[in-house]
There are 2 protein chains.
Amino acid sequence: MLISTILFIFLFACAPPKSNTEVNTSPIKEQEELSNWNATDNKKEIINFIEKVSNPSSSQFVPVKDRIAVIDMDGTLWCEKPFYFQYQFIVDRMRYLVPQHPEWKKDELLNGILNNNLDIVRKYGWEGLMEAVVLTHTGMTVEKHEELILNWIEETKHPKTGYAYKEMVYLPMIEMIRYLKSKQFSVFVVTEGGASFLRPWAEKVLELPNNQIIGSHLKLVYKETSKDTFLFREPEILFVSDGPNKPVAIHRFIGKKPILAFGNSDNDIPMFDYCRSNEYPNMQVIIHHTDSVREYAYGAQSFVGQLNIALRLAPEKDWVIVDMQKDWGKIFDRD
Amino acid sequence: MLISTILFIFLFACAPPKSNTEVNTSPIKEQEELSNWNATDNKKEIINFIEKVSNPSSSQFVPVKDRIAVIDMDGTLWCEKPFYFQYQFIVDRMRYLVPQHPEWKKDELLNGILNNNLDIVRKYGWEGLMEAVVLTHTGMTVEKHEELILNWIEETKHPKTGYAYKEMVYLPMIEMIRYLKSKQFSVFVVTEGGASFLRPWAEKVLELPNNQIIGSHLKLVYKETSKDTFLFREPEILFVSDGPNKPVAIHRFIGKKPILAFGNSDNDIPMFDYCRSNEYPNMQVIIHHTDSVREYAYGAQSFVGQLNIALRLAPEKDWVIVDMQKDWGKIFDRD
C-alpha cells in the first residue's frame, strides 16, 4: 500500500498526462519513467527493444495484441533470500498451528521447518516443500486463505532489511511494469509459487489484476450450503509451474508466446527459450544478484535461485544480464 | 472474419468517437450499440444494470478493476444444435482418421460417433465424449492442433443454416461484448468445451484475447530438441470446466467474482450462484432458446443445453430470462 501510494504520487507528479497516441510514438523520458535504472548499456538495450516493438513506424513493430511480457516473481520481482518468502509464510503458519499438531515435532522434515533448518529443507527438496504447502495452505475456504496471506504480508518483517515482505519488491521492476503498460504491453507474472500467495495484494503492489498473476495451484472444490456457496482448498497440488511448466502455464493462461521475459535463475531457461522461439522480435533478461550490501550476491552455488547454466548460455542466446549493483539505483522503495 | 469486419465497419460508421469519460457517463445510444436487441423490458433491465455499475455517480457503482463479466459459450455465444460444435469437429476428424484406425468401427461408441448416432453418444455420456476428445485432440503439438481447428472452423458448414460454424455466433451477444467493453468491463468466456477449440479464431470473431477465453484443458508437456522447443498435447484430460467447475475455473483464471454472468442451461447454475454471491451489485442472464424457425427451440427436455431447474429458480433468484425470439433482432450476422 505504502509503496504503491508513493509510486503513484511519484508517477503523477512527474509525468505529464499522455494520450494513447503519444505513448506509442514519443521517445521514453528516461529520468521520469525508469528513474531507478542507471544510465547503463543494459538500460539502453532494454528501452531500445521496447521502443522498437511499440513504434508503428519501426520494422520491428509488434501489434498490441501480441505485445506480451512475462516476469518471474521470486528473485526477479522481489527478493527470495534467505529463502523463498512463501516458505517463510509456511514456517510462521506451522509455528502458529503446532500446538494443535504435536506430532509435527517428531517428523524430521516438519520439525526441521519449525526450527527453520534449511539443511533439512534442502535434504527433502521440492517434495518436502509441497508437503508443507498442503499442511498450511489447504483445508480452508478461498476467503480464509486470502485473509491469512494478507495479514502475513502486511505484518511480517524481512530479517535483513526489517521491511515488511510486501515492501521487498524491486522498485526498478515496478517501474518496468509501469513502463511496459504505458507501451501497451500486457504484463503477466509467472511464478513457481502459488498464484494465491500473490493475488490478495498484487493488485495494489504490483499494479496488475489477478488474472495476470499466474502460478502453481491446488485442487479447488465448489461447495453449496442452503445459505451460501464457496470454494474450498483441497489438500492436493494440481499444477506446479516450475521450469518446464512455465511455458505450459503461459500457453494455458495467456495463450500466446511472450516477446519479452524477465527471470533470474536456471529455472527460467524454458520460459526464455519459449519466448525466444517467438517469430516476433523478442528479448530475454536475466536479473543477476550482485549486490551483497543492499540485497544479496548469489548465483551458481545457490540452492535458492541457482544461476549457472543460464549465465553460460546467455552470450550465445543474446540474453541481457542485468547487474543489480551496477544497473539499478534504489533496489527497494524504502532504501 | 466476415462478421467481425462487418461489425467493425458498422460500429465505426455509426458511433461517434468517445473519450473514456464520456463512455462512463453518457447514456447508452440503444439503436447504435445494441441494435439487434429489440426494445423490450429485458433489454432495458440489462442496460440499466450495466449503466448503473459503470456510472461513478451511481450508488451502485463498481470500480473498473472489479467490473468482470463471464459468458458461457455453447448456446449462449453461439449455437449448440444439433449437437455441440466441438462434437462435430470430433466426428469430422474421426472420419478423416478412420482409414488408419479400422478398429474404431468395431467399437460401439466410436462407430456410433462415426455414424453421427446421437443415441449412442447420449448412452455413453460425458465419459464417451472425453474418450473421443483424447482420440482427436491429442498426440500433436499445440501448433498442429491450432491449424486443424482453424481449417475446420473456416470451412465447415452448419447443417441447418449452411453458414460456416464460426458464423454461428449470436450477433446480439457480440454486440453485448462490445458494449460491455465500452463500459470498461473485463469480459471472459467460460466454456465447458476446450479453450483451445476457441482461441485460434476467438480474437477475430469474439474480439477477445486468448487469456480471456477459459475452458477445459488437457495435459501439456514442454519438449526440446536441439533445434526447437514445443508444447505437446498429451492424451490426458486435466480439467473439465463443467457446472460446479465453472466457479473453480473463474477463481483460478480470473481470481475475482464476476458481477455479470450470461448462460443458457442448468449447467450454468453454479456460475450464476457464484456471481450472485458477489457483494457488489450483480446480475445473471439466461438465454432461452425459443425460436424454432430462425434457430432452435428447446429447454427442459434437451440433452444438449438442458434448461429446467434454472428456469424454475429464476423468479426467486431474480435471473433475467432473455427470450431469443422476442428480445433479439437478427440472430446471426448472415440472417
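The values are calculated or read from the model by the stated rules, or taken from the named source; none is laboratory data. Because the structure is predicted, anything quoted here is derived from the model rather than measured. Using ideal geometry, Cβ is built from the backbone for each residue, glycine included, and neighbour counts are taken over all protein chains shown. To get the accessible areas, we keep the full protein, side chains included, count just its heavy atoms, and leave off ligands, DNA and RNA. Shrake-Rupley method; radii C 1.70, N 1.55, O 1.52, S 1.80 Å.
A compact table of results
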quantity	calculated
Matching residues, segment B:252-265, being under 20 Å from B:N42 (Cβ atoms) and not in a loop (DSSP other than H, G, I, E, B)	B:L260, B:A261, B:F262, B:G263
Checklist (1) outside any strand (DSSP E or B); (2) in contact with a Pro (Cβ under 7 Å, 6 or more places away or on another chain) applied to B:L231, failing item	(1)
Residues within segment B:69-126 that are of a type in the set (D, E, K, R) and more than 30 Å from B:I321 (Cβ to Cβ), tallied	10
Condition met for A:L307 (away from chain B (no Cβ under 14 Å), free of Cβ contacts under 8 Å to residues at least 60 places away in the same chain and surrounded by 23 or more Cβ atoms within 10 Å (Cβ to Cβ))	yes
Every residue from segment A:48-70 that is in a helix (DSSP H, G or I) and within 11 Å of A:K183 (Cα to Cα)	A:I50, A:E51, A:K52, A:V53, A:S54, A:V64
Number of the exception - A:F188 against (1) more than 12 Å from chain B (Cβ to nearest Cβ); (2) closer than 21 Å to A:V64 by Cβ	(1)
Criterion (in a helix (DSSP H, G or I) and modelled with pLDDT under 95) met by exactly one of A:V121, A:V98, A:V91	A:V121
Condition met for B:A249 (in a helix (DSSP H, G or I), modelled with pLDDT under 95 and buried (at least 20 other Cβ atoms within 10 Å of the Cβ))	no
Some residue of segment B:183-194 being assigned to a helix (DSSP H, G or I) and either among the charged types (D, E, K, R) or open to solvent by less than 40 Å² (accessible area, probe 1.4 Å) (or both)	no
Residue count, segment A:212-243 (criterion: among the polar types (S, T, N, Q) and free of Cβ contacts under 8 Å to residues at least 24 places away in the same chain)	3
Residues located in segment B:269-315, provided they are polar (S, T, N, Q) and closer than 26 Å to B:Q60 by Cα	B:S277, B:N278, B:N282, B:Q284
Boolean, A:E203 is at the interface with chain B (Cβ under 9 Å from one of its Cβ atoms) and either aliphatic (A, V, I, L, M) or open to solvent by 10 Å² or more (accessible area, probe 1.4 Å) (or both)	yes
Answer from A:M73, A:M94 - the residue that is open to solvent by less than 10 Å² (accessible area, probe 1.4 Å) and under 30 Å from A:M283 (Cα atoms)	A:M73
Subset of segment B:269-299 [open to solvent by 40 Å² or more (accessible area, probe 1.4 Å) and either under 17 Å from B:I259 (Cα atoms) or at pLDDT below 95 (or both)]	B:R276, B:E279, B:Y280, B:N282
Top-ranked residue of segment B:225-238 - restricted to ones that are within 27 Å of A:S196 (Cβ to Cβ) and open to solvent by 20 Å² or more (accessible area, probe 1.4 Å), ranked as nearest to the other protein chains (Cβ to nearest Cβ)	B:L238
Residues that are out of contact with any helix residue (DSSP H, G or I) (no Cβ under 6 Å at 6 or more places or on another chain) and buried (at least 16 other Cβ atoms within 10 Å of the Cβ), drawn from segment A:321-330	A:D323, A:M324, A:Q325
Residue identified as in contact (Cβ under 8 Å) with a residue 60 or more places away in the chain, over 30 Å from B:K123 (Cβ atoms) and assigned to a helix (DSSP H, G or I) among B:K330, B:K326	B:K326
Filter pass, A:Y222 being hydroxyl-bearing (S, T, Y), within 14 Å of another protein chain (Cβ to nearest Cβ) and not in a strand (DSSP E or B)	no
The lone exception for A:I28 - which of (1) within 26 Å of the chain's Cα centre (by Cα); (2) modelled with pLDDT of 50 or more; (3) under 20 Å from A:I259 (Cβ atoms); (4) not hydroxyl-bearing (S, T, Y) it fails	(2)
Residue within segment A:147-165 that is under 30 Å from B:K256 (Cα atoms) and touching a Pro at 6+ places or on another chain (Cβ under 6 Å) present	yes
Meets criteria (buried (at least 21 other Cβ atoms within 10 Å of the Cβ) and either assigned to a loop (DSSP other than H, G, I, E, B) or away from every other protein chain (no Cβ under 14 Å) (or both)) for A:S241	yes
Residue in segment B:115-136 that is within 14 Å of another protein chain (Cβ to nearest Cβ), in contact with a Leu (Cβ under 9 Å, 6 or more places away or on another chain) and aliphatic (A, V, I, L, M) present	no
Residues of segment A:206-216 satisfying the condition of being in contact with a helix residue (DSSP H, G or I) (Cβ under 7 Å, 6 or more places away or on another chain), at the interface with chain B (Cβ under 10 Å from one of its Cβ atoms) and open to solvent by 30 Å² or more (accessible area, probe 1.4 Å)	A:P209
Residues of segment A:55-70 that turn out to be open to solvent by less than 50 Å² (accessible area, probe 1.4 Å) and more than 30 Å from the chain's Cα centre (by Cα), as a count	1
Lone unmet requirement of (1) within 24 Å of B:T141 (Cβ to Cβ); (2) part of a strand (DSSP E or B); (3) within 9 Å of chain B (Cβ to nearest Cβ) for A:D273	(2)
Single condition B:N151 does not satisfy, out of (1) in contact with a strand residue (DSSP E or B) (Cβ under 6 Å, 6 or more places away or on another chain); (2) more than 10 Å from every other protein chain (Cβ to nearest Cβ); (3) without any contact (Cβ under 8 Å) to a residue 24 or more places away in the chain; (4) not basic (K, R)	(1)
Single residue of segment B:109-131 satisfying the filter (among the acidic types (D, E) and surrounded by fewer than 14 Cβ atoms within 10 Å (Cβ to Cβ)) that is farthest from B:G193 (Cα to Cα)	B:D119
Residues located in segment B:254-266, provided they are within 13 Å of another protein chain (Cβ to nearest Cβ) and either open to solvent by 10 Å² or more (accessible area, probe 1.4 Å) or at positive phi (or both)	B:G255, B:K256, B:K257
Verdict on A:F83 being in a loop (DSSP other than H, G, I, E, B), among the hydrophobic types (A, V, I, L, M, F, W, C) and in contact with a helix residue (DSSP H, G or I) (Cβ under 8 Å, 6 or more places away or on another chain)	yes
Any chance B:E316 is open to solvent by 10 Å² or more (accessible area, probe 1.4 Å), assigned to a helix (DSSP H, G or I) and not β-branched (V, I, T)	yes
